[in-house]
């Protein structure tokens with residue numbers, strides 16, 4: 001798969017471009033926030049899922065919220081594929097399908113990491129300092 | 001519009017803020033439901049855009065609290081959420097939200113929804129404005145319906161409403177009720193001498209004395225017609241009503257309004273007829289006014305500028321009937 005094809009399967013390039021064009025000088029700051037926030041949510045989600053299974057209702061709600069926030073943040077920034085898998089994790093957690101959640105989260109981590117790499121490459125190529 | 005934007009995700013917040021700023025709105029930012037409530041109270045925004053899934057206080061909960069705080073007033077609330085099922089939408093509307101906007105936000109959809117909400121808010125505000133002006137106008141109309149335009153006293157219409165009510169009330173509680181009929185002496189001559197405009201001034205000054213000297217909240221001073229006035233004093237004994245009437249007569253004399261055409265005195269004077277009773281069933285407003293009027297007639301006969309209290313010998317003349 002070429003870089004361009006990879007970008008298009010993981011990223012919503014149009015959304016990223018329109019966000020950049022709207023935010024103008026504030027865009028690099030948003031990029032930095034995105035990487036910081038999404039990485040933090042990803043790490044917290046993985047840690048929560050590996051640490052405590054089975055979960056109490058309260059713990060489950062906290063983990064669902066992490067998956068939900070990661071989904072929302074990824075989609076808002078154009079990481080649609082990572083957002084889609086995060087949604088899958090959120091759904092399975094909500095339905096109590098904990099047997100598949102850990103595997104889903106590993107897939108999510110892999111797609112999220114690839115998406116971030118693709119995003120960094122795309123931004124560098126379009127002249128955004130990161 | 002002043003928009004309160006609440007989202008716990010810094011990325012979503014920055015993007016939504018940029019959309020709103022580009023659309024020309026002023027934006028206040030909050031990070032969770034608790035801040036949403038505080039900022040709402042502090043800034044009184046025109047629109048709230050709020051994420052649903054947030055730590056501490058969730059969006060639905062914050063919307064419920066805002067609606068409770070607001071009472072009758074209304075500010076549109078649009079929920080932002082990456083969850084977009086039929087149940088989520090129904091729950092959001094039940095919580096007091098007005099619309100739902102799916103994340104990631106599409107700027108065109110956001111602009112359209114903000115425009116729609118702003119239109120509804122404007123129509124509501126116009127409606128409230130019209131209804132508040134109508135309320136003021138209605139209150140003024142209600143007041144004017146019961147007020148005599150020249151003197152500002154109660155008019156005949158209000159007297160006709162209140163007197164039967166007070167009679168029934170005093171009959172139930174077995175309290176006495178006094179009615180005083182007053183007439184400005186030789187007022188036709190006053191008008192002929194000084195003109196109708198001065199006559200109107202005279203009526204206003206006399207009315208003002210009657211109002212000032214009739215101090216209890218339950219008393220009613222009304223313009224009966226022309227230069228005649230009627231005072232209704234529920235709960236007043238005859239002696240008290242006589243004292244009040246004498247005080248009014250003294251005040252009118254003290255006004256010293258010149259009345260050169262009067263054969264009674266060189267100043268404007270009043271004649272008064274008082275009727276006082278503990279009403280029994282069947283004692284009508286017409287009856288008590290007729291009794292007071294009969295006493296007034298006697299006051300005129302006896303030389304004016306005085307008070308006459310109704311007694312049974314006046315009744316014997318046959319001019320009063322139940």
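The values are calculated or read from the model by the stated rules, or taken from the named source; none is laboratory data. None of these values were measured; they are calculated from a predicted model. Glycine gets a Cβ as well: all are built from the backbone with ideal geometry, and neighbour counts include every protein chain shown.
Listed here are the helices (runs of 4 or more DSSP H) enclosed by segment B:216-322 that have at least 2 residues being at negative phi and touching a residue at least 24 places away in the same chain (Cβ under 8 Å): B:238-255, B:285-301. Is it the case that residue A:60 is part of a helix (DSSP H, G or I), more than 12 Å from chain B (Cβ to nearest Cβ) and modelled with pLDDT under 90? Yes: the conditions hold for residue A:60. Of all the listed residues (B:165, B:190), the sole one being assigned to a helix (DSSP H, G or I), surrounded by 18 or more Cβ atoms within 10 Å (Cβ to Cβ) and either under 26 Å from the mean Cα position of the chain (by Cα) or in the same structural domain as residue B:230 (by TED's automatic domain parsing) (or both) is B:190. If you go through segment B:155-193 and pick out every residue that is closer than 25 Å to residue B:301 by Cα and free of Cβ contacts under 8 Å to residues at least 40 places away in the same chain, you end up with 2. Scanning segment B:4-27 for residues that are outside any loop (DSSP other than H, G, I, E, B) and crowded, with 20+ Cβ neighbours inside 10 Å yields a count of 12.
Scanning segment B:71-124 for residues that are within 25 Å of residue A:22 (Cβ to Cβ), touching a residue at least 24 places away in the same chain (Cβ under 8 Å) and out of contact with any helix residue (DSSP H, G or I) (no Cβ under 9 Å at 6 or more places or on another chain) gives B:113, B:117, B:118. Residues that are at pLDDT 90 or above, over 16 Å from residue B:74 (Cα atoms) and surrounded by 14 or more Cβ atoms within 10 Å (Cβ to Cβ) do not occur anywhere in segment B:128-143. All told, residue A:107 falls short of being in a helix (DSSP H, G or I), within 13 Å of chain B (Cβ to nearest Cβ), over 9 Å from the mean Cα position of the chain (by Cα) and over 17 Å from residue B:102 (Cα atoms).
Looking at this structure, is residue B:110 part of a helix (DSSP H, G or I), crowded, with 16+ Cβ neighbours inside 10 Å and at pLDDT 95 or above?
no
When we screen B:127, B:158 for residues that are under 17 Å from the mean Cα position of the chain (by Cα) and part of a helix (DSSP H, G or I), the only hit is B:158.
Take the conditions (1) buried (at least 21 other Cβ atoms within 10 Å of the Cβ); (2) in a loop (DSSP other than H, G, I, E, B); (3) within 13 Å of chain A (Cβ to nearest Cβ); residue B:97 misses just one of them, which is (3).
Using the structure shown, decide if residue B:38 is surrounded by fewer than 23 Cβ atoms within 10 Å (Cβ to Cβ), free of Cβ contacts under 8 Å to residues at least 12 places away in the same chain and more than 10 Å from every other protein chain (Cβ to nearest Cβ).
So residue B:38 passes the test.
Of the set (1) within 28 Å of residue B:14 (Cβ to Cβ); (2) loosely packed, with under 11 Cβ neighbours inside 10 Å, all apply to residue B:92 but (2).
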